[in-house]
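First up is the structure itself, then whatever we jot down about it.
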Amino acid sequence: GRREGRVAFVGRSNVGKSSLINRVVGAKVAQTSAQPGKTRALHFYDWKDGRKIIVDLPGYGFAKQSKDDRDHWAGLISEYLEVVEGLERAVVLIDARNGPTEKDVEAIDFLRSESVPMLFAITKTDQWKTQSDRSRRRREIESALRGLGYGPELAFYTSSEKNLGIREVQAELRKSAPPTETERESR
Ligand code: GDP
């Protein structure tokens, strides 16, 4: 059969990445609330139901990270991309309360330069308390994404705590990924 697609989850430390991975996979595979900024390893989880391998990339942008640690992130992912001939997709996590930050934009730019298709999971949307807060923040996020060249259909509003938006993310990831350039050329 077809090789399982690899989907990377990327985001700033503490954005809620482990919690979202656990919701998507439907099991406690990723360790939550570990010391922020300390995890430098890649982790792989088998999402059997979605026939994907989830690639948990180390969080970036932790305030106490040294410049070496920050450079390490881009180095790690570009080496990884060389070895596995590209990811099917990346899920870029954006904190509902403050994103996309400058660091998120750097990560998005980097992934785009590596031709990785992206979708965006807005995390912790339960922190939006009022309807006007919700719609204002959504407009801000969508306009920032539009400025980067990504449409609102790629933004998924989630809360791992309240179990919101998870099914939508799963459904999107289950869709067969857009063909890579190499696949298109060989047709
Ligand atoms: P990671 O460092 O990006 O892997 O983030 P974690 O999943 O470990 O979560 C970091 C912190 O955010 C923890 O204190 C979580 O309890 C909290 N958190 C994660 N998801 C949510 C959410 O959906 N809503 C709220 N309010 N907090 C969350």
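Points worth noting:
- At full extension, Gln31 and Lys48 could sit 4.2 nm farther apart than now, given 0.36 nm per residue minus the alpha carbon distance.
- Remark on Gly5: its backbone amide H falls under 5 Å from those of Ile53, a criterion applied only to residues 5 or more positions apart or on other chains, H modelled at 1.01 Å from N.
- Rough spin-label spacing in nm, given labels placed 7 Å along Cα→Cβ, for Ser78 and Glu4: 2.9 nm
- For Asp95, the amide hydrogen comes within under 5 Å of the amide hydrogens of Thr123, counting only partners 5 or more places away or on other chains and with H modelled in the peptide plane.
- Rounded to whole numbers, the Karplus 3J(HN,Hα) couplings from phi for the range 45-55 are 10, 8, 8, 5, 4, x, 6, 10, 9, 8, 9 Hz, using 6.51 cos²θ - 1.76 cosθ + 1.60 with θ = phi - 60°, and x at Gly and Pro.
- For Tyr60, distant residues with modelled amide H under 5 Å away: Gly11, Arg12, Ser13
- Rg/Rh (Cα only; Kirkwood hydrodynamic radius) as it applies to the range 80-160: 1.01
- Of the whole protein surface, Tyr157 contributes about 30 Å² of accessible area at a 1.4 Å probe radius.
- Remark: the range 81-182 carries 52 Å² of accessible area per residue (probe radius 1.4 Å; ligands, DNA and RNA excluded).
- Computed from backbone phi, the HN-Hα couplings of the range 89-105 come to 7, 10, 9, 9, 8, 10, 5, 4, 7, 9, x, x, 7, 4, 5, 4, 5 Hz, rounded to whole numbers (Karplus: 6.51 cos²θ - 1.76 cosθ + 1.60, θ = phi - 60°; Gly and Pro given as x).
- In order along the range 122-139, the Karplus-derived 3J(HN,Hα) couplings, from 6.51 cos²θ - 1.76 cosθ + 1.60 at θ = phi - 60°, round to 7, 9, 6, 5, 5, 6, 7, 8, 10, 4, 6, 4, 4, 6, 5, 5, 5, 4 Hz, and Gly and Pro are given as x.
The values are calculated or read from the model by the stated rules, or taken from the named source; none is laboratory data. Only a predicted model underlies this, so the values are computations on that prediction, with no experimental measurement involved. Note that we place each Cβ from the backbone using ideal geometry, even for glycine, and neighbour counts take in every protein chain shown. Calculation scope for accessible area: heavy atoms of the full protein, side chains included, ligands and nucleic acids excluded. Shrake-Rupley method; radii C 1.70, N 1.55, O 1.52, S 1.80 Å.
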